[in-house]
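No value in this document is a laboratory result; all are computed from the given coordinates. Predicted, not measured: the structure shown is a model, and the values here were computed from it. Note that we place each Cβ from the backbone using ideal geometry, even for glycine, and neighbour counts take in every protein chain shown.
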Amino acid sequence: MGILENALFKFKNIVENHGLLNKEITVKMRPLKPEEAIGKPLRDDFPLLKGKEVLVEARFLDAKGQAFTDEPSDFEGYIKDVLDLKLDTNRNRAIVVATINAVLRHLEMVMNTVHCKNQEPTECGNEMAERFFKRWGEDMTVGLVGLQPAIASALIKQFGPNNVQIADLDEDNIGKNFEGVEVLDGRNYSWQVVANNFLALITGSSVVNGTIDELVEVSRMDNKNRIVIFYGTTIAGVAYLENLNRLCFRSHSD
């Protein structure tokens, strides 16, 4: 059973235990406009602003849950309808993941399920780099799976381009020089970026695009003590359910 499948099984038990499964509770989902999702950040090269990915938002009573996806879709139904969705498309996985985030936020099991805005992505990247430096020193190597430009820039400034590898799925980014680091094709090299570095910092949207299981499996190869940390709001609920390391310093709870 994969990570999302296992998390969904646990989520179903939580929903049943709280008497929410068969109640007429509506989950509404809509793609957020770029400025609505991320505001006006200090950089203009975020995937949200380039139109490559969309942030979808599930609303459950008083709570919001978000997820990145390249297959946005409106959805309205009941929690039991979400549980019946097949996890075979990015569209369905995004609906499921955003719903898990919203419901667990409502139950106060997870916090910080809403994306940061304006200058906050840059602040988050800087704090990550500073914390990694304080804990593991300047000679550590980092593999970044998913080009989040503010995080990537902070890591390169802190550890140097020779200690940072980046893989991304966006064809517009692949092969480009990002502040001294060549962006590798994530379809072919994400596993190497994880395998070859002390720390693998992986986008939480991997739980939506279907790559998370392979990346976690690679991190456990050869019995090496690789450190794996996921970043972002998308994986908030799944990280809680599956006990995965997650950092997201400037996200919000509402």
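General observations
- Helix 186-195 vs. the chain, principal-axis angle (Cα, 0 to 90°, nearest 10): 70 degrees
- Sequence-separation-based contact order of the chain, relative, with Cα cut under 8 Å and 6+ spacing, percent: 21 percent
- C-alpha long axis of helix 90-106 to longest principal axis of the chain, angle in °: 70 degrees
- Considering every alpha-carbon pair of the stretch 120-247, the percent of pairs per 10 Å bin, from zero through the bin containing the longest distance, is 13, 48, 35, 3.
- For N112, the shell of other residues with beta-carbons less than 15 Å away shows a net charge of -1, using +1 for Lys and Arg and -1 for Asp and Glu.
- Interchain or long-range residues, amide H under 5 Å from A200's placed H: G143, I227, V228, I229
- Residue exposure proxy: F133, F159, ordered by other Cβ atoms within 10 angstrom of their Cβ from fewest to most, comes out as F133, F159.
- Excluding exposed DSSP-loop GluC sites (Glu not before Pro) (at most 16 other C-beta within 10 Å), longest clean stretch of the chain: 25-107
- Neighbour-count ranking [beta-carbon atoms within 10 angstrom, fewest first] of L155, L241, L4: L241, L4, L155
- Each Lys or Arg adds one and each Asp or Glu subtracts one; over the other residues with Cβ under 15 Å from the Cβ of F249, this totals +2.
- Ordered by the count of other Cβ atoms within 10 Å of each Cβ, fewest first, W136, W191 give W136, W191.
- Inter-label distance, nm, simple model (7 Å from Cα along the C-beta direction), S253/T89: 3.5 nm
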